[in-house]
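S.K.: Encoded as structure tokens, here's the structure I'll be asking about.
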Amino acid sequence: MIPLLTLLGAPAVYALWNVYAALRARGAMARLPRDAPLRAEWPRLSLIVPACNEGAAIEAATKAKLASDYPNLEVVLVDDRSTDTTTEIVARLAAGDDRVRVVRIDELPSGWLGKVHALHRGAAGATGEWLLFSDADVHMEATLLRRVIATAEERRLDFVSMMPRIWSSGFALDVVMAFLVRGLVVASRIWEVADPRSRVAIGNGVFGLVRRSAFEKTPGLEWLKLEILDDQGLGQMMKHSGARCGVFDPQGDLALHFYSSVGEMMRGLEKNGYVLVGQLRLHRLIFTATAIAYLEVGPAVALACPSTRLAGAIILATFAAVQLGLARSGHRPILPALVPALGPVMLLVFVLRSAILVHARGGISWRGTFYPLASLREGQRFELF
């Protein structure tokens, strides 16, 4: 009995780290104020939105962005080689609102990932003192931009990211998302982001706000041109260049459907699943996947043995409690958060599928472009700590 219980020692310690990390992260991630001060002048803000075949989502999301009461806003919609209705939609949006400008890309230069190139082109033509990079399907509450700019200027921040509300797209997908959110909190050490002595940084494609003067001190997006985790790479690039960084809780006022179905998530992870878990290296994938299986799924396996059943149940209950707390604070569904172990299993299946496809193809095929594995490895900039 003792040797079997000993096998649960590492998962037990890991479960305690989950509790500690969630509490520290919650304390460190300040809530964005509900009110913005009155000001005579506001700095120019350029909202840059890359869009490649986003016809299903871009119109509603852009209209939500344009409902913003920010008084000095331009919206740069970068139509990146779209072949669906995106081109027609963005043209109509630009015709109906003089704050909107469309940048059309017809050809992707060699050696660039499509999204990074679209962000680069959008930033090159933007006029704002602040640049906000945000995906085409993201919705924002009308006062959000005023509140975040006021807070960033008051605290003299140069780079701001925010944790979005992820709308429900079904129970199974929400189970995976509950694990992904917990994994992000556990791995990211959010409480160190604001510490200039720490190299820890966070970025996401949903909301990446940069002060132009600080951005111009970095190597720029060209440095990230083949970085699959470009949003995380942007956060690290800003932090390493001396930018003052902050992470905020927008209290549900920033939202999107991360994926619309489990199948869409599986296909979406063809691009970044392998790099997220294994950094495009097979030995790292094997190590990380084994660790996840042992720490996350091992306690569920322990339920089958009477001598380890109680310990396994306590560990799983701890995971569920952390996910529940994060779901409540993130305005996400509660019931899927109470299902530990299943989310990690599903994610591992998706990631292993991604790795198999990458090696079978010799690279990543994404949105009509093939990127050789060797080039992607050479272009990696994101660092694991």
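The values are calculated or read from the model by the stated rules, or taken from the named source; none is laboratory data. These figures come from a predicted structure and were not determined experimentally. Virtual Cβ from ideal backbone geometry, glycine too; neighbours counted across all protein chains shown.
S.K.: Determine which member of the set 125, 111, 55, 96 is among the small types (Gly, Ala, Ser), out of contact with any Phe, Trp or Tyr (no Cβ under 8 Å at 6 or more places or on another chain) and on the phi > 0 side of the Ramachandran plot.
M.R.: One residue alone meets the criteria, 111.
S.K.: Scan region 109-139 for residues that are under 26 Å from residue 257 (Cβ atoms), touching an Asp or Glu at 6+ places or on another chain (Cβ under 9 Å), aliphatic (A, V, I, L, M) and in a loop (DSSP other than H, G, I, E, B) and report the count.
M.R.: 2
S.K.: Of all residues in region 28-64, how many are at pLDDT 95 or above and of a type in the set (A, V, I, L, M, F, W, C)?
M.R.: Qualifying residue count, region 28-64: 12.
S.K.: Out of 51, 118, 95, which single residue is assigned by TED's automatic domain parsing to the domain that holds residue 146 and surrounded by fewer than 22 Cβ atoms within 10 Å (Cβ to Cβ)?
M.R.: 95 is the lone residue from the list that is assigned by TED's automatic domain parsing to the domain that holds residue 146 and surrounded by fewer than 22 Cβ atoms within 10 Å (Cβ to Cβ).
S.K.: Oh, and also: Can you tell me which residue in region 360-385 is surrounded by the most Cβ atoms within 10 Å (Cβ to Cβ), limited to those that are assigned to a helix (DSSP H, G or I) and without any contact (Cβ under 8 Å) to a residue 24 or more places away in the chain?
M.R.: 361
S.K.: Of the conditions (1) touching a residue at least 24 places away in the same chain (Cβ under 8 Å); (2) hydrophobic (A, V, I, L, M, F, W, C); (3) not in a helix (DSSP H, G or I), residue 38 fails just one. Which one is it?
M.R.: (1)
S.K.: Only one of these conditions is not met by residue 275: (1) assigned to a helix (DSSP H, G or I); (2) surrounded by fewer than 22 Cβ atoms within 10 Å (Cβ to Cβ); (3) modelled with pLDDT under 95. Which number is it?
M.R.: Every listed condition holds for residue 275 apart from (2).
S.K.: Of these, 254, 347, which one is closer than 30 Å to residue 58 by Cβ, in contact with a strand residue (DSSP E or B) (Cβ under 8 Å, 6 or more places away or on another chain) and at pLDDT 95 or above?
M.R.: 254
S.K.: Would you pick out the residues in region 286-309 that are of a type in the set (S, T, N, Q) and modelled with pLDDT of 95 or more?
M.R.: 288, 290, listed by residue number.
S.K.: While we're on this one: Kindly check whether there is at least one residue in region 245-262 that is within 21 Å of residue 128 (Cβ to Cβ) and surrounded by fewer than 18 Cβ atoms within 10 Å (Cβ to Cβ).
M.R.: No, because not a single residue in region 245-262 is within 21 Å of residue 128 (Cβ to Cβ) and surrounded by fewer than 18 Cβ atoms within 10 Å (Cβ to Cβ).
S.K.: With 173, 184, 180 as the choices, which residue is part of a helix (DSSP H, G or I) and free of Cβ contacts under 8 Å to residues at least 12 places away in the same chain? Steps first, please.
M.R.: On the way: 173 fails: free of Cβ contacts under 8 Å to residues at least 12 places away in the same chain; 180 fails: free of Cβ contacts under 8 Å to residues at least 12 places away in the same chain.
None of the others qualify; the one that does is 184.
S.K.: Sticking with this one: In region 41-70, how many residues are part of a loop (DSSP other than H, G, I, E, B) and touching an Asp or Glu at 6+ places or on another chain (Cβ under 9 Å)?
M.R.: Qualifying residue count for the region: 10.
S.K.: Inspect region 342-359 for any residue being hydroxyl-bearing (Ser, Thr, Tyr) and either more than 30 Å from residue 167 (Cα to Cα) or not in a helix (DSSP H, G or I) (or both) and give the result as yes or no.
M.R.: For region 342-359, residues hydroxyl-bearing (Ser, Thr, Tyr) and either more than 30 Å from residue 167 (Cα to Cα) or not in a helix (DSSP H, G or I) (or both): absent.
S.K.: I'm told residue 13 meets every condition in (1) of a type outside the set (S, T, N, Q); (2) out of contact with any Pro (no Cβ under 7 Å at 6 or more places or on another chain); (3) free of Cβ contacts under 8 Å to residues at least 60 places away in the same chain; (4) surrounded by 13 or more Cβ atoms within 10 Å (Cβ to Cβ) except one. Can you identify the failing condition by its number?
M.R.: (4)
S.K.: If residue 293 passes every condition in (1) of a type in the set (Gly, Ala, Ser); (2) within 21 Å of the chain's Cα centre (by Cα); (3) surrounded by fewer than 18 Cβ atoms within 10 Å (Cβ to Cβ); (4) part of a helix (DSSP H, G or I) but one, which one does it miss?
M.R.: (2)
S.K.: Okay, next question. Do you know which residues across region 133-169 are touching a Pro at 6+ places or on another chain (Cβ under 9 Å) and either among the basic types (Lys, Arg) or over 15 Å from residue 205 (Cα atoms) (or both)?
M.R.: If the condition is that a residue be touching a Pro at 6+ places or on another chain (Cβ under 9 Å) and either among the basic types (Lys, Arg) or over 15 Å from residue 205 (Cα atoms) (or both), then 141, 144, 146, 147, 148, 149, 150, 151, 153, 154, 165, 168 are the ones that fit.
S.K.: Which condition from (1) more than 30 Å from residue 58 (Cα to Cα); (2) in a helix (DSSP H, G or I); (3) modelled with pLDDT under 95 is the one that residue 321 breaks?
M.R.: (3)
S.K.: With respect to residue 270, determine if the residue is of a type in the set (Asp, Glu), within 24 Å of residue 171 (Cα to Cα), exposed (fewer than 15 other Cβ atoms within 10 Å of the Cβ) and modelled with pLDDT under 95.
M.R.: no
S.K.: Evaluate region 188-195: report whether one residue or more is farther than 16 Å from residue 20 by Cβ and free of Cβ contacts under 8 Å to residues at least 60 places away in the same chain. Working first, answer last.
M.R.: Filtering region 188-195 for residues farther than 16 Å from residue 20 by Cβ gives 193-195.
Adding the requirement that they be free of Cβ contacts under 8 Å to residues at least 60 places away in the same chain leaves 195.
Yes, that holds for at least one residue.
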